[in-house]
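Here it is, the structure, as structure tokens.
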């Protein structure tokens, strides 16, 4: 039986690698995006992954979007909450709009996207929810009070939801990537990037495919005994216990 997966923010960067990895593993995959139509269309043409456009921070749009995907592809078995944005700035200069945009998209989307799928998963007795946090949600990061707060919240959400749904055959896990070689990171000034890489024991940026492989495992039947876990993939930059 083919299972259906949704990957939010799934047409670029880490999300695109995850969506492609799940597709290659045999899932029916839907990738959501918010704004870049050209990138989404190119991704669809390259991979055959179905793409859907809406704001995952909006509960109404998310419920309608999930309903559309289920009508097109079937009940959702796997949800990867990957969508995220940054609005960096030192907190004493940060505006409420910068704060709210990041909290809404990175943390509010956990509710908006998970709520429409959780009851179906519970009824069917099977589900995989994989939330993408960040190394900066584990250790904090100067200039990212909003982002670090949201990503730390994702970790707490993961652990609570895992406890609530374990007996229903639903696993809920969290992946915390470090600095990955994506468009977002490549936009960092060269000297800053050199400094970041210098703090990573393996001596390089991560690859999006490395995160995707971890997510594909967590989505599989082999990971049925793994739930409530926080998995770090940061090249040794920050070593923490869950």
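To the nearest 10 degrees, how steeply does helix 208-219 sit against the main Cα axis of the chain, on a 0 to 90 scale?
Result, in degrees: 40.
Return one number: the angle in degrees, 0 to 90 and rounded to the nearest 10, between the long axis of the Cα atoms of helix 13-24 and the longest principal axis of the Cα atoms of the chain.
30 degrees
For the chain, what does the relative contact order come out to in percent, with C-alpha contacts under 8 Å and a separation of six or more?
Worked out over the chain, it gives 20 percent.
At 0.36 nm per residue, minus the direct Cα-Cα distance, what do residue 190 and residue 100 gain on full extension? Give it in nm, one decimal, please.
Gain on extension, residue 190 to residue 100, equals 29.5 nm.
Give the percent of DSSP beta bridges with both residues in the chain that are antiparallel, rounded to the nearest 5.
Numbers: 0 of 27 bridges.
Roughly 0 percent of the DSSP beta bridges within the chain come out antiparallel.
Another question, then. In nm, to one decimal, how far is the residue 139 label point from the residue 213 one, both placed 7 Å along Cα→Cβ?
2.3 nm
When DSSP assigns beta bridges and you keep just the ones with both residues in the stretch 1-107, what percent turn out antiparallel, to the nearest 5?
Roughly 0 percent of the DSSP beta bridges within the stretch 1-107 come out antiparallel.
Based solely on its DSSP helices, what 222 nm [θ] is calculated for the chain when runs of n ≥ 4 H residues each add -39,500 (n - 2.57) and the sum is averaged over all residues, nearest 500 deg cm²/dmol?
Value at 222 nm, helices only: -14000 deg cm²/dmol.
Still on this structure, please answer the following. Mind pulling up the Rg/Rh value for the stretch 4-231? Radius of gyration and Kirkwood radius, both on Cα.
Values: Rg = 16.8 Å, Rh = 17.7 Å.
Ratio of gyration radius to Kirkwood radius: 0.95.
Can I ask one more? In cubic angstrom, how much convex hull volume per residue do the alpha carbon atoms of the stretch 104-154 span? Could you put the intermediate results ahead of the total?
On the way: hull volume 3.2 nm³, N = 51.
So the per-residue Cα hull volume is 62 Å³.
Between residue 204 and residue 183, 0.36 nm times their residue separation minus their Cα-Cα distance comes to what?
Working it through step by step, the gained length comes to 6.0 nm.
At 0.36 nm per residue, minus the direct Cα-Cα distance, what do residue 239 and residue 2 gain on full extension? Give it in nm, one decimal, please. Could the numbers behind the result be given before it?
Numbers: separation 237, 0.36 × 237 = 85.32 nm, distance 3.65 nm.
Using 0.36 nm per residue and subtracting the Cα-Cα distance, I get 81.7 nm.
Would you look at the GNM of the chain, springs on alpha carbons closer than 10 Å, and say which of 136, 82, 36 moves the most?
36
Can you sort 147, 238 from fewest to most other Cβ atoms within 10 Å of each residue's own Cβ?
Sorted ascending by nearby Cβ count, the order is 238, 147.
How far is helix 37-47 tilted, in degrees, relative to the longest principal axis of the Cα atoms in the chain, given as a value from 0 to 90 rounded to the nearest 10?
Long axis of 37-47 versus the principal axis of the chain: about 60 degrees.
Here, each number is a calculation from the coordinates, and none is a lab measurement. Note that the structure is a prediction, hence the values are computed from the model and not measured. All Cβ positions, even for glycine, are placed from backbone atoms using ideal geometry, and neighbour counts span all protein chains on display.
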